[in-house]
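**Student:** Structure incoming, see below.
The values are calculated or read from the model by the stated rules, or taken from the named source; none is laboratory data. Because the structure is a prediction, the values reported are computed rather than measured. As a convention, Cβ positions derive from the backbone with ideal geometry for all residues, glycine included, and neighbour counts pool all protein chains shown. The protein model used for the area step is the full one, side chains on, heavy atoms only, and it has no ligands, DNA or RNA in it. Shrake-Rupley method; radii C 1.70, N 1.55, O 1.52, S 1.80 Å.
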Amino acid sequence: MDTPPLSGSDSDSDDSLVTDRELQDAFSRGLLKPGLNVVLEGPKKTVNDVNGLKQCLAEFKRDLEWVERLDVTLGPVPEISDPQPTPQNKEQKAVNPEDDFQREMSFYRQAQAAVLAVLPRLHQLKVPTKRPTDYFAEMAKSDQQMQKIRQKLQTKQAAMEKSEKAKQLRALRKYGKKVQTEVLQKRQREKTHMMNAIKKYQKGFSDKLDFLEGDQKSVPQGTKAGAKSQQMKKGPSAKRRYKNQKFGFGGKKKGSKWNTRESHDDVSSFRAKTAHGKGPKRPGKKGSNKRPGKRTREKMKSRTR
């Protein structure tokens, strides 16, 4: 009997088995190494086809004038500190390609040297190097694209203006609240000042009625101190003067009962009977009206019961 042909899945499994076996054999022989195993067809051969390169160069090379090519080959412009560079200085000042600043500086100096060499040559050939004042360049973008950009910029500007107006309104509201608070505080201070002035007037510390006019301004601390010192210089306050006028000054109180030499030597008012309790008794103190003791009062209460 003929064997039936193998299906696609059977052939794939056989190929995978074959490749697995080959890999196992190669691993056992030590041909496999860690990493990706890529089958190499062989070392590439380098070819230096000089004739082919010259042929390609001749195909795209054109004998044009320098004005059409504008190519120059120059080194960097010499530094000011070294007007005459030597080969040793060149070797010492070689550009380090890993240093970004030195690399960019070398590009800049080389471009500067090219400009300094090319500009006089262009002037000799009468080639203009500056753009005229009435020069109009063609736009890189279409009018439709520029209209879209203009509309977008206008929308952005309108949104910024709207946001700025909202900020201004918030600031004005805050300022209005601040002003209102200051006005209320000012009214409270004026009311407190007026109440203090009324109390002073009622107690007699002041005889002025200027606070009733309502336009009394706050007096600074220096003026208040000056007014107090002026009041001390004038004399007692209005309240003190009023009481002195009504009741009299009364004389000196402190040290009025101290003995002096004259009062100590004066014994004309001394009475022995009065001093030793032998004289007549004082009116208002009677022995018959003496209050009974506590026990006596309790006995009297028990008797009455």
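**Student:** With a 1.4 Å probe and all protein chains in place, put His123, His193 in order of accessible area, largest first. Intermediate values should be presented prior to the final figure.
**Tutor:** Working: His123 110, His193 70 Å².
Largest to smallest exposure gives the sequence His123, His193.
**Student:** Anything over 28 Å Cα to Cα? Flag those among Lys186/Lys208; Lys54/Lys126; Lys61/Lys130; Lys208/Lys243; Lys191/Lys239; Lys200/Lys246, in the order listed. Mind dumping the intermediate values first?
**Tutor:** Details: Lys186/Lys208 23 Å; Lys54/Lys126 35 Å; Lys61/Lys130 30 Å; Lys208/Lys243 19 Å; Lys191/Lys239 24 Å; Lys200/Lys246 20 Å.
Long pairs (Cα-Cα over 28 Å): Lys54/Lys126; Lys61/Lys130.
**Student:** Residue farthest toward the positive end of the dipole of the range 89-164, with Cβ of Lys/Arg at +1 and Asp/Glu at -1: which of Tyr135, Met160, Ile149?
**Tutor:** The one lying farthest along the dipole's positive direction is Tyr135.
**Student:** Separate question: Report, please, the projected area of the range 105-158 averaged over directions, based on the convex hull of its C-alpha atoms, in nm².
**Tutor:** Numbers: hull surface 29.6 nm².
For the range 105-158, the mean projected area of the Cα convex hull comes to 7.4 nm².
**Student:** Under a Cβ-only charge scheme (Lys and Arg +1, Asp and Glu -1), can you give me the dipole magnitude of the range 110-170 about the Cα centre, in debye to the nearest 20?
**Tutor:** Numbers: 13 positive and 5 negative charges, 65 e Å.
Dipole about the Cα centre, nearest 20: 320 debye.
**Student:** Probe radius 1.4 Å, ligands and nucleic acids left out: which of Ser263, Ser106, Ser28 has the largest accessible area, and how do the rest follow?
**Tutor:** On the way: Ser263 55, Ser106 25, Ser28 90 Å².
Ranked from most to least accessible, the order is Ser28, Ser263, Ser106.
**Student:** Under a point spin-label approximation (7 Å from Cα along Cα-to-Cβ), what is the Thr129-Gln112 distance to one decimal in nm?
**Tutor:** 1.6
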